[in-house]
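Heads up: the structure comes next, in structure tokens.
Just so you know, all these numbers are worked out from the coordinates, no wet-lab data involved. Source: prediction; values computed, not measured. All Cβ positions, even for glycine, are placed from backbone atoms using ideal geometry, and neighbour counts span all protein chains on display.
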Amino acid sequence: MENKKDSRPIKYKIVIADDHALVRGGLELVVKMAVPNAEIFQANSFDETINVLNSNFSIDLVLLDLMMPGMWHDSIQSITTQFPDVPIVIVSVKEDFDSIHNSISLGASGFIPKTSAPEVTISAIQLVLAGGVYIPPHVLKSQTNPIQDDEKLDGYDSVKRLSKRQKEVLGHISLGRSNQEIADELGLTIPTIKMHVSAIFKKLNVKNRTEAVSIYSNLDKFSDLL
């Protein structure tokens, strides 16, 4: 007998951490458009963010400002180390390649520039809550130093070692799709997708989706060989 899914909506717990009350209020409105039944917690410093996380079980998402009091270069990693199951999305006035790349490399699950339109922010929040990673579209094209041909060849060799299914999964990752969306598209289970993603990271010698997509996106000249 087939089990029916619980139709009750999930109540997400989301922390908005920013030292400007006006920004927190604006983000709260956007969050409630993205997740109407969300329970919102606010923090105005790094220390207060940690206190909120320590005081509440099952926080589902932290929207974190890079510039608020108490933040330092290891703050993101500090949170991901203490609370490994809580995804962090950076919301910042910064939108340069280095800031975004460093944030993702330190463990953030997304980066939303404060110049982003509300609908972009809504989609990014929904994507991360579904298990995906949100990276602004301009990031991979904003590198000032183009990757050399020998580096592209190394990347090509790495991608060439992937199985046909792993290349399919990597293609979907490059489109910003979550594990759930990839599973639905390919007719596979989420654990299977996670297994493929882990294998992709290992074969490409990368730590996260950003690095995997960076390799994949810089192989245009070899696309006919993949």
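You can think of it this way: the chain between LYS167 and LYS194 has 8.3 nm of extra reach, that is 0.36 nm per residue less the Cα-Cα gap.
If you take the square roots of the eigenvalues of the alpha-carbon gyration tensor of region 11-126 and sort them as a ≥ b ≥ c, do you get rounded (a/c under 1.5), prolate (a/b over b/c) or oblate? Rounded is the answer for region 11-126, as its axis ratio a/c remains below 1.5. The distance between label points at SER55 and PHE201 comes to 3.2 nm (points 7 Å beyond Cα on the Cα→Cβ vector).
Cross-link check: pairs LYS94/LYS203; LYS167/LYS194; LYS164/LYS194 evaluated at a Cα-Cα cut-off of 25 Å; pairs beyond the cut-off: LYS94/LYS203.
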